Amino acid sequence: MIMSDPIASVLDDLLKLDDILACMVARQNMISVMPTDGTDSFKPEINKIWDIIHRAMDDVFNVIREYSQAGLGEMEFRLQDYEALFYILPDTENALVSIIPALANKGLLEVEMENARRQILDLMDFKT
Amino acid sequence: MDDFKTSVEISRKWKSSRVASEIIQKFKNKNLNPKVILLFTTIHYEKELKNILSSIKSEFPKSPLLGGTVSGFITNEGCFTRGVTALAIDYPNMEVSVAIGHNIKRNPKKAIDNCKENLQIEKKYDNNFLLEFLPTAVIPNIPTVGQKVIISSEKVGNNAVKLLPRMSYLNMGYDRADEIIEQLSQEYKNHGIIGGCTMDDNKMLRSYQFFNENFFKNSLCILEISSDIKYNIKGTTAFEVLDKGFEITNISKDKHTIKEINNKKAKTTFLDFFNWKETDLSDLYHFYRRIFYYPFGFQKNNKWHTCMMGGLWGENIILSVKAEDNNMKFLSLSTGKLLNNTKNLLENLNKENIHVCFSIACETFIETLGDKIYSYKDLFSNYFTDIPYLIVFMAGESIYTIDEGHHHLYESINLLTM
């Protein structure tokens with residue numbers, strides 16, 4: 001299990017972007033790292049859809065667990081008016097996950113998702 | 001050339017005081033006394049601009065500062081769509097001058113005249129160029145409609161179009177960047193020019209131009225540099241020209257609003273090209289975004305100019321630039337072409353004489369590539385191994401060289417090296 005305040009800070013930074021409604025580092029059936037204030041820091045509009053998104057995320061992690069070793073890099077799904085982006089942390093079954101509005105400018109957000117993934121990997125390297 | 005000092009720095013802090021102090025400290029660590037500072041931020045720093053600009057200017061009061069808001073940037077350090085970046089040059093055999101002209105959408109000629117009056121370099125060297133920054137198109141705020149790129153109702157859309165000519169008086173609407181580069185190229189025939197349109201995160205709601213410690217919404221900011229160092233301006237585009245096209249058969253007098261293509265209603269005919277049905281506004285929104293990848297355009301002076309759509313209002317297609325030809329071809333943005341053309345562009349530079357590279361590229365590139373933008377960065381990192389470089393992503397790129405003439409382009413990248 002990953003437990004690290006610096007990683008939570010990376011998530012805090014991501015959440016400051018208007019279109020990142022929620023973010024976390026997670027694996028199947030488990031959220032590994034949450035932002036500093038936990039779900040309280042998620043944007044309120046995520047509450048109405050959080051339960052179903054959370055369940056769908058677990059199903060996606062089946063695939064991630066199966067193929068992360070084979071080089072699976074990213075996954076995403078759209079549910080109602082929202083999209084979940086999964087940036088897999090190589091050699092782990094964990095992924096950086098963000099929930100964004102379906103109409104958000106995904107390309108620009110992906111750049112910062114990638115920066116966050118790189119920061120998290122650096123922090124994990126440092127820990128080990 | 002030991003006395004040419006330059007640096008490209010970034011800050012990822014959120015608070016203005018920390019952003020400014022980080023940038024200042026990084027410049028000081030490199031013993032820079034900048035002759036000029038270019039500063040760019042993403043729109044996230046909108047509320048911090050005043051403090052960022054005033055703090056940096058108070059530390060470097062003699063250094064002219066120019067820049068604006070961009071959708072993202074690449075430096076030697078990475079790729080970012082949130083943050084602040086600054087490029088400073090310190091070199092004794094270089095003179096700089098900056099000028100500003102206001103109300104650029106209302107009266108571009110007057111804005112250029114104001115700039116020309118204030119651009120004053122006493123000692124001219126042989127190598128002279130301009131950088132120009134101006135605001136991109138802003139979606140007009142129509143009473144009872146709001147700021148919308150798509151108006152589905154034909155009646156409401158047609159009525160909204162009637163208001164467009166008046167929008168420029170309110171400093172809204174088209175960026176008029178094509179007119180600016182044309183006039184600047186006539187005024188400064190022997191200068192090279194590159195420029196770009198400031199923007200937000202592509203919502204096209206607002207953007208800012210930086211001029212010393214101040215920032216503006218509707219101004220043309222120009223930097224003139226004269227030095228004994230040779231500069232080079234080169235550019236390329238990233239699209240394929242497709243066989244398919246259409247003819248504009250009814251267009252507004254200002255050539256910005258297409259009313260009919262192939263003698264039929266413009267929007268409906270256009271959607272038919274893609275077998276698209278107007279069923280759902282959100283899907284139409286996605287269609288609108290996809291148009292970035294299949295724009296249409298015309299050829300002028302051996303360069304293909306994209307006519308980027310600014311909106312679909314009723315049956316009208318609103319263009320960000322003038323349609324200077326009625327015969328349009330569809331173009332296709334290709335990431336393969338982007339990578340190859342940029343690689344060729346870099347390989348044709350004479351690296352031995354380059355101290356710094358400043359580049360303006362289309363926002364669509366970073367939006368399209370997303371996290372894969374790092375592959376694009378690798379092209380620059382591999383080429384400029386120890387040379388500072390800055391690529392800013394803007395909403396329209398202008399270029400003028402004596403050899404190639406003036407162009408205002410989209411989906412292009414222009415490099416300035418010196």
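What residue, of A:5, A:19, is loosely packed, with under 13 Cβ neighbours inside 10 Å and either more than 12 Å from the chain's Cα centre (by Cα) or under 25 Å from residue B:82 (Cβ atoms) (or both)? Can you show your working first?
Details: A:19 fails: loosely packed, with under 13 Cβ neighbours inside 10 Å.
The conditions single out A:5.
Take residue B:157 and tell me if it is assigned to a strand (DSSP E or B) and either under 26 Å from residue B:417 (Cβ atoms) or more than 14 Å from chain A (Cβ to nearest Cβ) (or both). No. Can you find a residue that is in contact with a Ser or Thr (Cβ under 7 Å, 6 or more places away or on another chain) and crowded, with 17+ Cβ neighbours inside 10 Å anywhere in region B:114-121? Yes, region B:114-121 has at least one match. Total residues in region B:365-408 satisfying the condition of being of a type in the set (A, V, I, L, M) and without any contact (Cβ under 8 Å) to a residue 40 or more places away in the chain: the figure is 2. Going through (1) farther than 24 Å from residue B:35 by Cβ; (2) in contact (Cβ under 8 Å) with a residue 40 or more places away in the chain; (3) surrounded by fewer than 19 Cβ atoms within 10 Å (Cβ to Cβ); (4) basic (Lys, Arg) one by one, residue B:105 falls short only on (3).
Would you confirm, using the coordinates I've provided, whether residue A:95 is within 13 Å of chain B (Cβ to nearest Cβ) and surrounded by 14 or more Cβ atoms within 10 Å (Cβ to Cβ)? Criteria not met by residue A:95. Scanning region B:59-92 for residues that are within 10 Å of chain A (Cβ to nearest Cβ) and either more than 21 Å from the chain's Cα centre (by Cα) or of a type in the set (A, V, I, L, M) (or both) gives a single hit, B:74.
Checking each residue in region B:93-136 for being in contact with a helix residue (DSSP H, G or I) (Cβ under 6 Å, 6 or more places away or on another chain) and either within 14 Å of another protein chain (Cβ to nearest Cβ) or in a loop (DSSP other than H, G, I, E, B) (or both) picks out B:104, B:105, B:106.
Every residue in region B:8-22 that is of a type outside the set (Lys, Arg) and either touching a helix residue (DSSP H, G or I) at 6+ places or on another chain (Cβ under 6 Å) or over 25 Å from residue B:354 (Cα atoms) (or both), please. Those that are of a type outside the set (Lys, Arg) and either touching a helix residue (DSSP H, G or I) at 6+ places or on another chain (Cβ under 6 Å) or over 25 Å from residue B:354 (Cα atoms) (or both): B:9, B:11, B:14, B:16, B:17, B:19, B:20, B:21, B:22. Residue pairs whose Cβ atoms lie under 8 Å apart, separated by 6 or more positions or on different chains, with the first residue in region B:179-199 and surrounded by fewer than 18 Cβ atoms within 10 Å (Cβ to Cβ) and the second hydrophobic (A, V, I, L, M, F, W, C) and in a loop (DSSP other than H, G, I, E, B), are B:189/B:402; B:190/B:402.
Restricting attention to region B:139-154, the residues being in contact with a Leu (Cβ under 7 Å, 6 or more places away or on another chain), under 30 Å from residue B:39 (Cβ atoms) and not in a loop (DSSP other than H, G, I, E, B) number 1.
Among the residues of region B:173-187, the ones that are outside any helix (DSSP H, G or I) and either within 12 Å of residue B:131 (Cβ to Cβ) or out of contact with any Leu (no Cβ under 9 Å at 6 or more places or on another chain) (or both) come to 0 in all. Scanning region A:81-92 for residues that are touching a residue at least 40 places away in the same chain (Cβ under 8 Å) and either under 13 Å from the mean Cα position of the chain (by Cα) or at the interface with chain B (Cβ under 8 Å from one of its Cβ atoms) (or both) turns up just one, A:89. Only residues that are part of a loop (DSSP other than H, G, I, E, B) and either closer than 17 Å to residue B:162 by Cα or in contact (Cβ under 8 Å) with a residue 40 or more places away in the chain (or both) were counted across region B:304-329, and they come to 9. Among the criteria (1) more than 13 Å from chain B (Cβ to nearest Cβ); (2) under 13 Å from the mean Cα position of the chain (by Cα); (3) touching a residue at least 24 places away in the same chain (Cβ under 8 Å), the one residue A:54 does not fulfil is (3). Of the set (1) part of a loop (DSSP other than H, G, I, E, B); (2) buried (at least 18 other Cβ atoms within 10 Å of the Cβ), all apply to residue B:277 but (2). Among the criteria (1) within 14 Å of chain B (Cβ to nearest Cβ); (2) surrounded by 13 or more Cβ atoms within 10 Å (Cβ to Cβ); (3) among the basic types (Lys, Arg), the one residue A:78 does not fulfil is (2).
Within the option set B:352, B:324, B:347, being more than 20 Å from residue B:78 (Cβ to Cβ), of a type in the set (D, E, K, R) and not assigned by TED's automatic domain parsing to the domain that holds residue B:80 holds for one residue only, B:324. Residue selection: residue A:31 satisfies the criterion of being without any contact (Cβ under 8 Å) to a residue 12 or more places away in the chain and touching a strand residue (DSSP E or B) at 6+ places or on another chain (Cβ under 7 Å).
Filtered by the rule that a residue be over 12 Å from residue B:413 (Cβ atoms) and more than 13 Å from chain A (Cβ to nearest Cβ), region B:363-388 gives B:378, B:381, B:382, B:383, B:384, B:385, B:386, B:387, B:388. The residue of region A:107-128 that is farthest from the other protein chains (Cβ to nearest Cβ), among those that are surrounded by fewer than 21 Cβ atoms within 10 Å (Cβ to Cβ) and over 14 Å from the mean Cα position of the chain (by Cα), is A:128.
The values are calculated or read from the model by the stated rules, or taken from the named source; none is laboratory data. In this text, all values refer to a predicted model and were calculated from it rather than measured experimentally. Glycine gets a Cβ as well: all are built from the backbone with ideal geometry, and neighbour counts include every protein chain shown.
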